[in-house]
1. Give me the 1.4 Å probe accessible area per residue for region 15-141, excluding ligands and nucleic acids, in Å².
2. Per-residue accessible area for Glu209 at 1.4 Å probe radius, Å² rounded to 10?
3. Please find the FRET efficiency linking Cys63 to Asn216, where r is the Cβ-Cβ separation and R0 is fixed at 51 Å, and quote it to the nearest 0.05.
4. Taking all protein chains in place and a 1.4 Å probe, what share, in percent, of the accessible surface of the chain do carbon and sulfur account for?
5. Nearest 10 degrees is fine. How inclined is helix 195-208 to the longest principal axis of the chain, computing both from alpha carbons?
6. Which value results when the Cα radius of gyration for region 71-217 is divided by 2.2 N^0.38 Å?
7. Go ahead and estimate [θ] at 222 nm for the chain from helices alone: -39,500 (n - 2.57) per DSSP H run with n ≥ 4, summed, over the residue count, rounded to 500.
8. When only alpha-carbon atoms count, how far does region 137-257 stretch along each of its three principal axes, as whole angstroms with the largest first?
Amino acid sequence: MKIILHVWRQSGASAPGRMVRYEVDNANAHMSFLEMLDVLNEELMNKGEEPIAFDHDCREGICGMCGMMVNGVAHGPQPRTTLCQLHMRHFKDGEEVYLEPWRARAFAVIKDLVVDRGALDRIIAAGGYVSVPTGSAPDGNALPVPKENAELAMDAAACIGCGACVASCPNASASLFVGAKIAQLGLLPQGQPERESRALKMVAAMGKEMFGQCTNIGACEAVCPKSINLEVIARMNRDFLKAAWTWRGEQASSGGG
Ligand code: SF4
Ligand code: FES
(Lines give C-alpha, C1' and ligand atoms only; values in the text may rest on other atoms or scores of the structure.)
(Ligands and ions follow the chains in the order given, each with its own letter.)
Protein backbone atom coordinates (compact mmCIF):
# COMPACT_ATOMS: atom_id res chain seq x y z
CA MET A 1 0.00 0.00 0.00
CA LYS A 2 1.04 3.59 -0.58
CA ILE A 3 0.97 6.26 2.12
CA ILE A 4 1.69 9.94 1.58
CA LEU A 5 3.19 11.50 4.67
CA HIS A 6 3.51 15.16 5.56
CA VAL A 7 6.05 15.22 8.38
CA TRP A 8 7.14 18.06 10.66
CA ARG A 9 10.90 18.43 10.20
CA GLN A 10 12.85 20.60 12.62
CA SER A 11 16.59 20.17 13.04
CA GLY A 12 16.77 21.49 16.61
CA ALA A 13 14.94 23.29 19.40
CA SER A 14 15.62 26.79 18.11
CA ALA A 15 15.55 25.97 14.37
CA PRO A 16 12.46 26.78 12.31
CA GLY A 17 10.31 23.78 11.39
CA ARG A 18 8.28 22.92 8.27
CA MET A 19 6.11 20.14 6.86
CA VAL A 20 7.88 17.90 4.32
CA ARG A 21 6.07 15.53 1.95
CA TYR A 22 7.20 11.90 1.58
CA GLU A 23 5.74 8.94 -0.31
CA VAL A 24 6.01 5.46 1.20
CA ASP A 25 5.30 3.00 -1.63
CA ASN A 26 6.07 -0.28 0.08
CA ALA A 27 4.02 -0.13 3.29
CA ASN A 28 1.67 -3.02 4.03
CA ALA A 29 -1.41 -3.47 6.20
CA HIS A 30 0.38 -5.69 8.73
CA MET A 31 3.05 -3.15 9.59
CA SER A 32 2.83 -1.07 12.70
CA PHE A 33 2.87 2.68 12.15
CA LEU A 34 6.41 2.89 13.53
CA GLU A 35 7.56 0.07 11.21
CA MET A 36 6.22 2.09 8.30
CA LEU A 37 8.33 5.03 9.52
CA ASP A 38 11.32 2.66 9.80
CA VAL A 39 10.86 1.75 6.12
CA LEU A 40 10.78 5.43 5.16
CA ASN A 41 13.86 6.16 7.29
CA GLU A 42 15.79 3.33 5.64
CA GLU A 43 14.95 4.80 2.23
CA LEU A 44 16.02 8.27 3.38
CA MET A 45 19.32 6.94 4.74
CA ASN A 46 19.98 4.98 1.53
CA LYS A 47 19.58 8.28 -0.32
CA GLY A 48 21.99 10.00 2.10
CA GLU A 49 19.19 12.06 3.68
CA GLU A 50 18.59 12.70 7.38
CA PRO A 51 16.13 10.15 8.85
CA ILE A 52 13.03 11.39 10.68
CA ALA A 53 13.58 11.51 14.45
CA PHE A 54 10.77 9.98 16.52
CA ASP A 55 10.63 8.54 20.04
CA HIS A 56 10.00 4.86 20.77
CA ASP A 57 11.27 2.08 22.99
CA CYS A 58 9.14 -0.96 23.93
CA ARG A 59 6.81 -0.88 20.90
CA GLU A 60 4.41 -2.85 23.12
CA GLY A 61 2.29 -0.01 24.52
CA ILE A 62 3.87 -0.02 27.98
CA CYS A 63 6.82 2.39 28.16
CA GLY A 64 5.17 5.69 27.15
CA MET A 65 8.00 6.75 24.84
CA CYS A 66 6.14 6.87 21.54
CA GLY A 67 3.57 9.44 20.52
CA MET A 68 2.90 12.14 17.96
CA MET A 69 -0.10 13.85 16.42
CA VAL A 70 -1.45 11.79 13.50
CA ASN A 71 -3.86 13.89 11.46
CA GLY A 72 -4.29 16.09 14.53
CA VAL A 73 -5.09 13.23 16.92
CA ALA A 74 -2.66 12.14 19.64
CA HIS A 75 -1.53 8.54 18.98
CA GLY A 76 -3.70 8.40 15.84
CA PRO A 77 -7.19 7.20 14.98
CA GLN A 78 -7.51 4.06 17.13
CA PRO A 79 -9.00 4.72 20.61
CA ARG A 80 -7.07 3.39 23.64
CA THR A 81 -4.06 2.56 21.46
CA THR A 82 -0.51 3.87 21.64
CA LEU A 83 1.12 4.85 18.36
CA CYS A 84 3.43 1.81 18.49
CA GLN A 85 0.38 -0.47 18.64
CA LEU A 86 -1.38 1.25 15.74
CA HIS A 87 -1.30 -0.76 12.50
CA MET A 88 -1.40 0.34 8.89
CA ARG A 89 -4.63 -1.59 8.26
CA HIS A 90 -6.40 1.39 9.81
CA PHE A 91 -5.30 3.57 6.88
CA LYS A 92 -6.45 3.54 3.28
CA ASP A 93 -4.20 2.92 0.29
CA GLY A 94 -3.02 6.32 -0.95
CA GLU A 95 -4.09 8.13 2.23
CA GLU A 96 -2.42 11.42 3.13
CA VAL A 97 -1.29 11.50 6.76
CA TYR A 98 0.02 14.53 8.66
CA LEU A 99 2.54 13.93 11.46
CA GLU A 100 3.42 16.55 14.04
CA PRO A 101 5.14 16.50 17.44
CA TRP A 102 3.23 17.06 20.70
CA ARG A 103 2.48 20.79 20.83
CA ALA A 104 2.66 22.30 24.34
CA ARG A 105 4.69 25.08 25.91
CA ALA A 106 6.13 22.63 28.46
CA PHE A 107 7.22 20.17 25.73
CA ALA A 108 9.96 21.83 23.67
CA VAL A 109 10.70 20.16 20.34
CA ILE A 110 14.12 18.51 20.43
CA LYS A 111 14.13 17.34 16.83
CA ASP A 112 11.43 16.55 14.24
CA LEU A 113 8.78 14.55 16.15
CA VAL A 114 10.74 14.23 19.41
CA VAL A 115 9.83 16.52 22.31
CA ASP A 116 11.34 17.01 25.76
CA ARG A 117 8.95 15.47 28.32
CA GLY A 118 11.35 16.04 31.22
CA ALA A 119 8.71 18.30 32.82
CA LEU A 120 6.62 15.19 33.61
CA ASP A 121 9.64 13.57 35.31
CA ARG A 122 10.22 16.70 37.38
CA ILE A 123 6.60 16.63 38.59
CA ILE A 124 7.10 13.02 39.73
CA ALA A 125 10.37 13.99 41.43
CA ALA A 126 8.47 16.72 43.34
CA GLY A 127 6.32 14.18 45.19
CA GLY A 128 5.07 11.24 43.12
CA TYR A 129 6.52 8.57 45.36
CA VAL A 130 6.24 6.95 48.80
CA SER A 131 9.31 7.93 50.82
CA VAL A 132 8.63 6.04 54.09
CA PRO A 133 11.12 3.25 54.72
CA THR A 134 9.22 0.13 53.75
CA GLY A 135 11.69 -2.57 54.80
CA SER A 136 11.07 -6.02 53.41
CA ALA A 137 7.85 -6.92 51.62
CA PRO A 138 4.97 -7.20 54.15
CA ASP A 139 2.81 -10.28 54.43
CA GLY A 140 0.09 -10.25 51.77
CA ASN A 141 -2.71 -9.94 54.35
CA ALA A 142 -0.98 -7.46 56.69
CA LEU A 143 -2.17 -4.35 54.80
CA PRO A 144 -5.80 -4.87 53.84
CA VAL A 145 -6.87 -2.78 50.82
CA PRO A 146 -10.58 -2.55 49.92
CA LYS A 147 -11.18 -4.23 46.54
CA GLU A 148 -12.63 -1.07 45.00
CA ASN A 149 -9.59 0.98 46.05
CA ALA A 150 -7.20 -1.68 44.75
CA GLU A 151 -8.92 -1.65 41.37
CA LEU A 152 -9.05 2.14 41.13
CA ALA A 153 -5.37 2.39 42.12
CA MET A 154 -4.46 -0.17 39.46
CA ASP A 155 -6.47 1.74 36.86
CA ALA A 156 -4.63 4.98 37.73
CA ALA A 157 -1.27 3.17 37.75
CA ALA A 158 -1.83 2.24 34.10
CA CYS A 159 -0.68 5.76 33.08
CA ILE A 160 2.50 5.39 31.01
CA GLY A 161 3.45 9.09 31.04
CA CYS A 162 3.21 9.49 27.27
CA GLY A 163 1.97 13.10 27.38
CA ALA A 164 -0.89 12.63 24.90
CA CYS A 165 -3.27 14.20 27.43
CA VAL A 166 -1.18 17.38 27.51
CA ALA A 167 -0.86 17.52 23.72
CA SER A 168 -4.63 17.18 23.25
CA CYS A 169 -5.70 19.66 25.89
CA PRO A 170 -6.44 23.18 24.54
CA ASN A 171 -4.88 24.46 27.79
CA ALA A 172 -1.92 22.05 27.60
CA SER A 173 -2.80 20.92 31.11
CA ALA A 174 -1.06 17.92 32.66
CA SER A 175 -3.93 17.34 35.10
CA LEU A 176 -4.84 13.84 33.86
CA PHE A 177 -1.23 12.69 34.23
CA VAL A 178 -0.75 14.32 37.64
CA GLY A 179 -4.18 13.16 38.82
CA ALA A 180 -3.34 9.57 37.85
CA LYS A 181 -0.05 9.68 39.77
CA ILE A 182 -1.68 11.25 42.85
CA ALA A 183 -4.63 8.82 42.77
CA GLN A 184 -2.57 5.67 42.39
CA LEU A 185 -0.75 6.41 45.67
CA GLY A 186 -3.58 8.19 47.52
CA LEU A 187 -5.87 5.18 47.20
CA LEU A 188 -3.44 2.81 48.95
CA PRO A 189 -2.48 2.65 52.66
CA GLN A 190 1.22 3.17 51.84
CA GLY A 191 0.39 6.49 50.19
CA GLN A 192 -1.49 8.02 53.14
CA PRO A 193 1.33 9.61 55.24
CA GLU A 194 2.37 11.98 52.42
CA ARG A 195 -0.99 12.28 50.68
CA GLU A 196 -1.58 15.99 51.32
CA SER A 197 2.00 17.17 50.92
CA ARG A 198 2.24 15.10 47.72
CA ALA A 199 -0.75 16.89 46.20
CA LEU A 200 0.62 20.32 47.18
CA LYS A 201 4.07 19.61 45.78
CA MET A 202 2.96 17.97 42.53
CA VAL A 203 0.31 20.58 41.70
CA ALA A 204 2.85 23.36 42.44
CA ALA A 205 5.39 21.61 40.20
CA MET A 206 2.82 21.35 37.41
CA GLY A 207 2.29 25.14 37.56
CA LYS A 208 6.02 25.81 37.67
CA GLU A 209 6.54 23.75 34.50
CA MET A 210 4.08 26.04 32.65
CA PHE A 211 1.32 23.51 32.05
CA GLY A 212 -2.12 25.10 31.78
CA GLN A 213 -5.13 24.77 34.06
CA CYS A 214 -7.80 22.09 33.65
CA THR A 215 -11.17 23.44 32.53
CA ASN A 216 -12.94 20.05 32.33
CA ILE A 217 -12.95 19.77 28.55
CA GLY A 218 -12.15 16.04 28.55
CA ALA A 219 -9.94 15.93 25.45
CA CYS A 220 -7.28 14.24 27.59
CA GLU A 221 -9.52 11.33 28.57
CA ALA A 222 -10.64 10.90 24.95
CA VAL A 223 -7.10 10.29 23.67
CA CYS A 224 -5.52 8.55 26.66
CA PRO A 225 -4.25 5.17 25.44
CA LYS A 226 -4.65 3.74 28.94
CA SER A 227 -8.24 4.91 29.56
CA ILE A 228 -7.33 7.11 32.52
CA ASN A 229 -10.60 8.56 33.75
CA LEU A 230 -11.29 12.26 34.47
CA GLU A 231 -12.18 11.14 38.00
CA VAL A 232 -8.48 11.18 38.88
CA ILE A 233 -8.51 14.97 38.36
CA ALA A 234 -11.33 15.27 40.89
CA ARG A 235 -9.24 13.17 43.33
CA MET A 236 -6.24 15.45 42.73
CA ASN A 237 -8.33 18.57 43.33
CA ARG A 238 -9.82 17.13 46.56
CA ASP A 239 -6.40 16.22 47.95
CA PHE A 240 -4.96 19.57 46.91
CA LEU A 241 -7.80 21.64 48.44
CA LYS A 242 -7.70 19.65 51.68
CA ALA A 243 -3.93 20.17 51.88
CA ALA A 244 -4.27 23.89 51.10
CA TRP A 245 -6.92 24.38 53.83
CA THR A 246 -4.79 22.46 56.35
CA TRP A 247 -1.81 24.66 55.48
CA ARG A 248 -3.89 27.86 55.80
CA GLY A 249 -5.25 26.70 59.15
CA GLU A 250 -1.73 26.03 60.42
CA GLN A 251 -0.56 29.43 59.19
CA ALA A 252 -3.50 31.17 60.91
CA SER A 253 -2.99 29.36 64.24
CA SER A 254 0.73 30.15 64.20
CA GLY A 255 -0.02 33.81 63.42
CA GLY A 256 1.57 33.62 60.00
CA GLY A 257 -1.49 34.14 57.78
S1 SF4 B 1 -2.90 10.10 31.53
FE2 SF4 B 1 -3.00 8.85 29.63
S3 SF4 B 1 -2.46 10.30 28.00
FE4 SF4 B 1 -1.77 11.22 29.92
S5 SF4 B 1 0.35 10.60 30.21
FE6 SF4 B 1 -0.91 9.05 31.29
S7 SF4 B 1 -1.25 7.45 29.76
FE8 SF4 B 1 -0.54 9.24 28.59
S1 FES C 1 7.09 2.54 22.27
FE2 FES C 1 6.60 2.02 24.35
S3 FES C 1 4.51 2.64 24.53
FE4 FES C 1 4.96 2.95 22.41
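The values are calculated or read from the model by the stated rules, or taken from the named source; none is laboratory data. Only a predicted model underlies this, so the values are computations on that prediction, with no experimental measurement involved. Cβ sites come from the backbone with ideal geometry, for glycine too, and all protein chains shown count toward neighbours. The area values use the complete protein model at the heavy-atom level, side chains included, leaving out ligands, DNA and RNA. Shrake-Rupley method; radii C 1.70, N 1.55, O 1.52, S 1.80 Å.
1. Result: 53 Å² of accessible area for each residue.
2. 40
3. Calculated transfer efficiency: 0.95.
4. Answer for the chain is 52 percent, counting heavy atoms of protein chains only.
5. 40
6. After normalising by residue count via 2.2 N^0.38 Å, the value is 1.24.
7. Result for the chain, helices only: -11500 deg cm²/dmol.
8. Answer, in whole Å and largest first: 45, 42, 20 Å.
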